Amino acid sequence: MTESAKSPEGRSGVRSDPPPEDLKRERDTFIQQFFRRGAQISEELLSDIERLRHQVTELESDNVRLRAQLASDGAIRDLLRKIEELEADQRKLIHESMRPDAPQAEFARRFAELENELAHMGTLHVANLQLHASTSIRRAFKSVRELLAQFLGAAQFAVYWSDEDPLVLVPISVEGLTVREAREVLVDESAHWEPYRRGQIWVERGVSPAEGTTSRPAAIIPLHMGAQKLGAVCVFRTLPQKTEFDQADYELFKLLSTQAAPAIVHAYLFNQAGRKAPGIQAFIDQED
């Protein structure tokens, strides 16, 4: 074996010296410091990442809350807009319902008219039945008084009957005053009775019927039986709340004018016949 083979040197034949102890320590210290700093930086990075992740979570939560708030605000805006539209429709409907040519207003008006007409017809029907149901003169005059008081609201009135002279009227039944206060009426002496001579109903115009007096009555209704005038109903004044005569009152005037006298006469004749209805022979032998 040669010497070179036994030599511990390197290929160049030069022996490498071991590193100095100071350099080794510095290297080890540097490596330790490097890894320690790397670990510290890693921890800091992990801490920052965790903090950023928490912030992202909070931002996402805030984002969801803001989106919900925006959606809620949008719903409120839609609701307010819908309310405004409904209020506009309501105002439009109210305006249209107040128009005279509106179908609903016309229907309501016509319905009210029909109700009033039916009420008037019912009143007249009851009044007519009450008059002709009288079987005595007392009852006939009482029916006339009740109609005037209940249906007309008359406070002072008198039922007059003509004597042999058709222009002289005598009070037969009175209400709210005495027969003496009503007194006998000479038709020719009072201008208020001029319509009576013509067979017409007379009503004081421009003055409340509640303010009528015996010298200036509120209404005078002639009582006819066919073409013959037999008397009159004179309404001197009405109750305070009755401030004017309406259409129903005029219809009642017409009913009394044509039906009161026949009812009174028929009651009288029925009593004269002994309150008995005529036999069949009376109808067979009847004359025009």
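The values are calculated or read from the model by the stated rules, or taken from the named source; none is laboratory data. All values derive from a computational prediction rather than experimental measurement. In this analysis, Cβ positions are derived from the backbone assuming ideal geometry, glycine residues included, and neighbour counts consider all displayed protein chains.
Please enumerate the residues belonging to the stretch 168-192 that are within 47 Å of the chain's Cα centre (by Cα) and modelled with pLDDT of 90 or more.
The answer is 173, 174, 175, 176, 177, 178, 182.
I'd like the full set of residues that are polar (S, T, N, Q), surrounded by fewer than 17 Cβ atoms within 10 Å (Cβ to Cβ) and either touching a residue at least 12 places away in the same chain (Cβ under 8 Å) or in a loop (DSSP other than H, G, I, E, B) (or both), limited to the stretch 246-288.
247, 258, 271, 286
Name the single residue, out of those in the stretch 217-245 being part of a loop (DSSP other than H, G, I, E, B) and modelled with pLDDT under 90, that is surrounded by the most Cβ atoms within 10 Å (Cβ to Cβ). If you could, list the steps in order and put the result at the bottom.
Filtering the stretch 217-245 down to residues part of a loop (DSSP other than H, G, I, E, B) leaves 217-218, 226-227, 239-245.
From what's left, modelled with pLDDT under 90: 226-227.
Working: 226: 9, 227: 6.
It comes out as 226.
Filter the stretch 184-228 down to the residues that are within 15 Å of residue 245 (Cβ to Cβ), in contact with a Phe, Trp or Tyr (Cβ under 8 Å, 6 or more places away or on another chain) and of a type in the set (Val, Ile, Thr) and list them by number.
201, 203, 220, 221
Looking only at the stretch 170-216, count every residue that is part of a helix (DSSP H, G or I) and of a type in the set (Ser, Thr, Tyr) and tell me the total.
Summing the residues that are part of a helix (DSSP H, G or I) and of a type in the set (Ser, Thr, Tyr) in the stretch 170-216 gives 1.
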